[in-house]
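The values are calculated or read from the model by the stated rules, or taken from the named source; none is laboratory data. Predicted model only: the values in this text are computed from it and were never measured. In this analysis, Cβ positions are derived from the backbone assuming ideal geometry, glycine residues included, and neighbour counts consider all displayed protein chains.
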Amino acid sequence: MSWTRYAAPQNFYPLAGRAVPWFAGLALLLGVVGLYIGFFVAPTDHQQGESYRIIFVHVPAAWMSMIIYLAMAFWAAIGLVFNTRLASMLALALAPTGAWMTFLALWTGALWGKPTWGTWWVWDARLTSELILLFLYIGFMSLHAAIDDERRADRAAALLALVGVVNVPIIYFSVKWWNTLHQGASVSLTKAPSMATTMLTGMLVMALAFWMYSIAVVLARTRVIILEREPHARWARQALGAA
Amino acid sequence: MTPAPTVGIPGALRAVLLRDLRVALRRRADTGSALVFFVIVVSLFPLGVGPQFEMLRRIGPGVVWVAALLASMLAMGRLFADDHADGTLEQMLLSSVPLSLLVLAKTLAHWLSSGLLLVLVSPLLALQFDLGTDAAVVLLLSLLLGTPLLSLIGAIGAALTVGLRGAGVLLSLLVLPLATPVLIFGAGAVEATQAGLGVTAHFSLLGAMLLPALFLAPLAAAAALRISLE
């Protein structure tokens, strides 16, 4: 028995089912600990006051938004090259979580920007490229949704994700240079590197919580996709009957 | 049975190029609509923001470039749609000529009949926005470098969406985010001229994006066509 056994949806389904509660539990635990550190242990920032505390949601969400895009493109590529069904399903399951994380990063960024810079939105390089990342996620999901044949949708969306991955660095640097050309409403986002240790700890714990949450949600979504695609398989009917 | 005459790869590419150009010439209304769209969109902006030349000079490059981006996407849907509808595309897939080269020939023909027209009409729009000779020339050159890039990136989107319902809007949704670097450096070149700065950096970057796109985009579009038509 090898690990590739779990590339088969009917074997992956129960495995993911057993893993989801663990990851969800860890996400909850780490989230509570991280928020406790964030709200009660970490000191008040001497420049930004209490408003900086949104960093404990904002930064992990921004990290996840990028990591999930890479993971999505990775699984999409595996699905495209090796023609494995499960890899494509994973890529499809990752997309909504990635888009949600991107949206969360933008939203919390706006909430953070209002008290600190006095504006909801700045055409900063990071904000702009994050916005374009959100558009890329939406494009991936729209293309997949527009094609009725699942396998064709998987492959077309995978190709789009790969084109996107090649383009993301180009987009990031072009937006960055564009931003330095337009020195207009220049608010530097580069934060002071000296961050209190408790702040950093809180942020890292929250980042772990976001990881666990994303894994739990993606696994759960993959299970649903598996059942949707193989509703007539005997094991799927048994799983549905048992549930 | 006599074997079919073979034309070789260059002959096939020439045939595809000439055929697509001929089709574009005979459907002047289709070919011209993107151009008219381009001119109309650009002409709407002074109506929207006011006719003060100072402001028009400042927004002109960006407006013309965004309109060129939209017009290219509008025209892009037709790149494979007709050939898909009458089955020509399937014959191309079966052909012994590499599909990516056929895609490149089709994209070139498409650019000649859409993007190039936008480039040629752009000095006229530059006049509307009082851009000045230098800026108008740079606008023309930046579009000349940039619109082939838009066609190449758009070809991937057109190949992915061929035969889908609502393909037009979807195509824009997929391609516009990917085209942002072209917009940034294209419009940036004109703005740099207006500010009295050199344009070498912008043109170099546009060229640096165009060359790998010339190689990679037809490969990606060919792969996308195979997926769409399997």
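Report, by residue number, each residue of segment B:198-222 that is touching a residue at least 12 places away in the same chain (Cβ under 8 Å) and within 11 Å of chain A (Cβ to nearest Cβ). Even if it seems obvious, please write down each step before you answer.
Here is the first cut: in segment B:198-222, the residues touching a residue at least 12 places away in the same chain (Cβ under 8 Å) are B:199, B:202-203, B:205-207, B:209-210, B:213-214, B:217-222.
B:H202, B:L205, B:L206, B:M209, B:A213, B:A217, B:L219, B:A220, B:A221, B:A222, listed by residue number.
Is it the case that some residue within segment B:152-170 is farther than 21 Å from B:S113 by Cα, modelled with pLDDT under 90 and of a type in the set (K, R)?
yes
From (1) touching a Leu at 6+ places or on another chain (Cβ under 9 Å); (2) in contact (Cβ under 8 Å) with a residue 40 or more places away in the chain; (3) aliphatic (A, V, I, L, M), pick out the condition that doesn't hold for B:I59.
Unmet condition: (1).
Name every residue in segment B:68-104 that is part of a helix (DSSP H, G or I), surrounded by fewer than 24 Cβ atoms within 10 Å (Cβ to Cβ) and of a type in the set (G, A, S), in order of residue number.
B:A81, B:A85, B:S100, listed by residue number.
Select from segment A:45-77 the residues that are touching a helix residue (DSSP H, G or I) at 6+ places or on another chain (Cβ under 6 Å) and of a type in the set (V, I, T) and write down the one among them that is nearest to A:L92 (Cα to Cα).
Filtering segment A:45-77 for residues that are touching a helix residue (DSSP H, G or I) at 6+ places or on another chain (Cβ under 6 Å) and of a type in the set (V, I, T), the one nearest to A:L92 (Cα to Cα) comes out as A:I68.
If you scan segment A:3-43, which residues turn out to be among the β-branched types (V, I, T) and touching a helix residue (DSSP H, G or I) at 6+ places or on another chain (Cβ under 7 Å)? Please lay out each step first, then the result.
Start the filter on segment A:3-43 by keeping residues that are among the β-branched types (V, I, T), which leaves A:4, A:20, A:32-33, A:37, A:41.
Once the filter is applied, which keeps residues that are among the β-branched types (V, I, T) and touching a helix residue (DSSP H, G or I) at 6+ places or on another chain (Cβ under 7 Å), segment A:3-43 yields A:V20, A:V33, A:I37, A:V41.
Could you pull out the residue among B:L206, B:L214 that is surrounded by fewer than 21 Cβ atoms within 10 Å (Cβ to Cβ) and either within 30 Å of A:D154 (Cβ to Cβ) or of a type in the set (A, V, I, L, M, F, W, C) (or both)?
Values: B:L206 fails: surrounded by fewer than 21 Cβ atoms within 10 Å (Cβ to Cβ).
Result: B:L214 is the single residue among B:L206, B:L214 that is surrounded by fewer than 21 Cβ atoms within 10 Å (Cβ to Cβ) and either within 30 Å of A:D154 (Cβ to Cβ) or of a type in the set (A, V, I, L, M, F, W, C) (or both).
Report, by residue number, each residue of segment A:30-69 that is in a helix (DSSP H, G or I) and loosely packed, with under 14 Cβ neighbours inside 10 Å.
Passing the criteria: A:V32, A:Y36, A:F39, A:F40, A:V41, A:E50.
Scan segment B:111-123 and tell me whether some residue there is within 14 Å of another protein chain (Cβ to nearest Cβ), under 13 Å from the mean Cα position of the chain (by Cα) and over 23 Å from A:A145 (Cβ atoms).
Looking through segment B:111-123, none of the residues is within 14 Å of another protein chain (Cβ to nearest Cβ), under 13 Å from the mean Cα position of the chain (by Cα) and over 23 Å from A:A145 (Cβ atoms).
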